[in-house]
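Novice: Take this structure, written in structure tokens, and hold onto it; I'll ask about it next.
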Amino acid sequence: MSLVKPSAVHKRRAGLNTSVGLALAAFIALVFGLTVVKVGNMDFTMPPGPEQEVQNGD
Amino acid sequence: MTDTSATNSFEGDAQFSDYVALLKPRVMSLVVFTAFVGLLAAPSPIHPFLGFCAILFIAIGGGASGALNMWWDADIDAVMRRTKKRPIPAGKVMASEALALGLALSGFSVIFLGLATNWIAAGLLAFTIFFYVVIYTMWLKRATPQNIVIGGAAGAFPPMIGWAAATGTFSIESILMFSLTFMWTPPHFWALALFMRSDYDDANVPMLTVTHGRRSTRKHILVYTILLAALAIGTGFTSIGGYIYLATAIVLNALFLKGAWDIVRRNEEMCEADDFKAERRFFKLSLIYLFAHFTAILIEAGLDKFGVFA
């Protein structure tokens, strides 16, 4: 239960706030999806880590 | 410029739908559809998710330019019957909010289109937004009766952007799709101006109906429709055309030419008597016209990819 009784302004803005929240969630999903596709699709190779560099240096 | 003083009295808070309305969703649907056709008609395949993102960012870019247009044109929108219920003149959204939203979404859409596809497509989207907002809205719309002709280019770019998103280049096919929308725009809007006649007069927008008269506008509609028909049917003999496209183009252009001929033969008394029946019919047909041509291009592209008629 809420400590503060929601005012009329809160009620009026609930729809807008929910929609903005959903839009932001969709944006996050979009960036995540783009990252997965771009990394999976292209000739992307991870840069060599410190261990590999040491081995190659020997 | 916009007079914001009239927009500061609010009856209630803006809802999410009011901000969506700033993006001109109906115009956006045309942008989405033509960009989609440009993307799928392109010979290079694109990952479905990247294709979805490309269409989404093109749509957002188109919406952003709509918001900037509403910010700049709030004063004339408040005068015209067709636009006086838009969020800014209706007092639901402040002009400064529309400006902020338009600028933010413009930057967002261009950068993300570049990251998702390529920078040729992103550059083309940036140019489209610039062309629509600065060249058309701020300059030509209130300066010349040819506003619709030149400004129509902004609405014609989406299939080129879709094509560029898939291929990374321009080509004659994408320029033909651009030209189809470009040549279609003047008769479409002039028909609207004929039956929404007092709107543009009241707002002092120099539409052809206001500067050159209604008789001249009717002749212009016919001339542009003849040029459009030649272009649309000629496109049928290029690589994006085919039997289905050609059949669609011949039927629709015959109907469109008939509609334009009907309009040019009419005078104002005849229009008053039947409440601009022929002009309204021509306007509705123009919507079907563009949709059908792009659908036919889409079908031809699909048939090519599946090897039918190959």
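The values are calculated or read from the model by the stated rules, or taken from the named source; none is laboratory data. Just so it is clear, the structure is predicted and the values come from calculations on it, not from any experiment. Neighbour counts run over all protein chains shown; Cβ positions are idealised from the backbone, glycine included. Keep in mind that these areas ignore ligands, DNA and RNA; they rest on the heavy atoms of the full protein, side chains included. Shrake-Rupley method; radii C 1.70, N 1.55, O 1.52, S 1.80 Å.
Novice: Name every residue in region B:48-97 that is within 14 Å of chain A (Cβ to nearest Cβ) and free of Cβ contacts under 8 Å to residues at least 24 places away in the same chain, in order of residue number.
Specialist: Passing the criteria: B:P48, B:F49, B:F52, B:L56.
Novice: Note down all Cβ pairs under 6 Å where the first residue falls in region B:123-148 and is under 18 Å from B:W71 (Cα atoms), the second is crowded, with 19+ Cβ neighbours inside 10 Å and modelled with pLDDT under 90, and they're at least six residues apart or on different chains.
Specialist: B:T128/B:A154; B:F131/B:A154; B:Y132/B:A154; B:Y136/B:G151; B:Y136/B:A154; B:L140/B:N147; B:L140/B:G151; B:K141/B:N147
Novice: Only one residue in B:G155, B:G114, B:G168, B:G102 is without any contact (Cβ under 8 Å) to a residue 40 or more places away in the chain and of a type outside the set (A, V, I, L, M). Which one?
Specialist: Among B:G155, B:G114, B:G168, B:G102, only B:G114 is without any contact (Cβ under 8 Å) to a residue 40 or more places away in the chain and of a type outside the set (A, V, I, L, M).
Novice: Let me ask something additional. Search region B:29-47 for residues being assigned to a helix (DSSP H, G or I) and open to solvent by 40 Å² or more (accessible area, probe 1.4 Å), and hand back the single one that is nearest to the other protein chains (Cβ to nearest Cβ).
Specialist: That would be B:V32.
Novice: Okay, moving on. For region B:184-202, enumerate the residues that are out of contact with any Leu (no Cβ under 8 Å at 6 or more places or on another chain) and under 22 Å from B:E272 (Cβ atoms).
Specialist: Those that are out of contact with any Leu (no Cβ under 8 Å at 6 or more places or on another chain) and under 22 Å from B:E272 (Cβ atoms): B:F189, B:A191, B:L192, B:L194, B:F195, B:M196, B:R197, B:S198, B:D199, B:Y200, B:D201, B:D202.
Novice: Let me ask something additional. Considering only region B:69-96, state which residues are under 15 Å from B:K141 (Cβ atoms), part of a loop (DSSP other than H, G, I, E, B) and either open to solvent by less than 40 Å² (accessible area, probe 1.4 Å) or out of contact with any helix residue (DSSP H, G or I) (no Cβ under 9 Å at 6 or more places or on another chain) (or both).
Specialist: B:D73, B:M80, B:T83
Novice: Can I ask one more? I'm trying to understand the selection: among the residues of region B:207-255, which are surrounded by fewer than 20 Cβ atoms within 10 Å (Cβ to Cβ), assigned to a loop (DSSP other than H, G, I, E, B) and not β-branched (V, I, T)?
Specialist: B:H212, B:G213, B:F237, B:S239
Novice: Just one of (1) closer than 23 Å to B:L287 by Cα; (2) surrounded by fewer than 23 Cβ atoms within 10 Å (Cβ to Cβ) trips up B:M160, so point out which.
Specialist: (2)
Novice: When A:G40 is evaluated against the numbered criteria (1) surrounded by 11 or more Cβ atoms within 10 Å (Cβ to Cβ); (2) at pLDDT below 90, which criterion, by number, is the only one it fails?
Specialist: Condition (1) is where A:G40 drops out.
Novice: Restricting to region B:195-232, count the residues that are among the hydroxyl-bearing types (S, T, Y) and free of Cβ contacts under 8 Å to residues at least 24 places away in the same chain.
Specialist: 2
Novice: Identify all residues within region A:11-25 that are hydrophobic (A, V, I, L, M, F, W, C) and open to solvent by 60 Å² or more (accessible area, probe 1.4 Å); write none if there are none.
Specialist: A:V20, A:L22, A:L24
Novice: Given the criterion aliphatic (A, V, I, L, M) and in the same structural domain as B:A301 (by TED's automatic domain parsing), identify the matching residue among B:I175, B:I148.
Specialist: None of the others qualify; the one that does is B:I175.
Novice: Is one or more of the residues making up region B:172-181 assigned to a helix (DSSP H, G or I), within 18 Å of B:F283 (Cβ to Cβ), open to solvent by 10 Å² or more (accessible area, probe 1.4 Å) and among the aromatic types (F, W, Y)?
Specialist: Checked region B:172-181: no residue is assigned to a helix (DSSP H, G or I), within 18 Å of B:F283 (Cβ to Cβ), open to solvent by 10 Å² or more (accessible area, probe 1.4 Å) and among the aromatic types (F, W, Y).
Novice: Which ones in region B:127-150 are open to solvent by 40 Å² or more (accessible area, probe 1.4 Å) and either within 14 Å of chain A (Cβ to nearest Cβ) or part of a helix (DSSP H, G or I) (or both)?
Specialist: Within region B:127-150, B:F127, B:F130, B:Y132, B:V134, B:M138, B:W139, B:I150 meet the criteria.
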